[in-house]
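Have a look at the structure below, then the notes.
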Amino acid sequence: MINHIGVYTLNFDAEKSFYEAVLAPLGYVQGAEFPGAVMFADGKDGDSVWVEAAQGTTPSPIHLAFAAETEDAVKAFYEAGLKAGGSDNGAPGPRPNYGPNYYAAFVHDPDGNNIEAVINR
């Protein structure tokens, strides 16, 4: 299991706003915040995502997939991502090439990371 993950950014304010918006439909709330770093934690088991200002280097793009409880949560994640400055990388819908019950949506965050919400039932 992953306890937490860090997303490094050159544009801290934009990334903070983006993750606050897209993680809310998935049950994450803002927790600790320090200069150049903010944490969002889920309300169930304490998994967290840290958004942190990059220190002296350009971060490499990553792919993060977050579990969703419902298809509606996947849709809300996608809509929030677009409204928060992200760009479309795959509208909500079934992904039979990933599995028979895979339903997901993908957005690029402001730094170009591929962020996904998925329900796989």
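Every read-out reported here was derived from the displayed coordinates using simple, explicitly stated rules and does not represent laboratory data. Please read all numbers here as calculations on a predicted model, not as lab measurements.
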Computed helical MRE - 222 nm, the chain, DSSP H runs ≥ 4 contributing -39500 (n - 2.57), nearest 500:
-6500 deg cm²/dmol
Of the residues A104, A91, A32, which exhibits the maximal mean-square fluctuation in a Gaussian network model of the chain defined by a 10 Å Cα contact cut-off?
A32
Looking at (1) 7.9; (2) 7.2; (3) 6.8, which value of mean projected area of the Cα convex hull in nm² comes from a calculation on the structure shown?
(2)
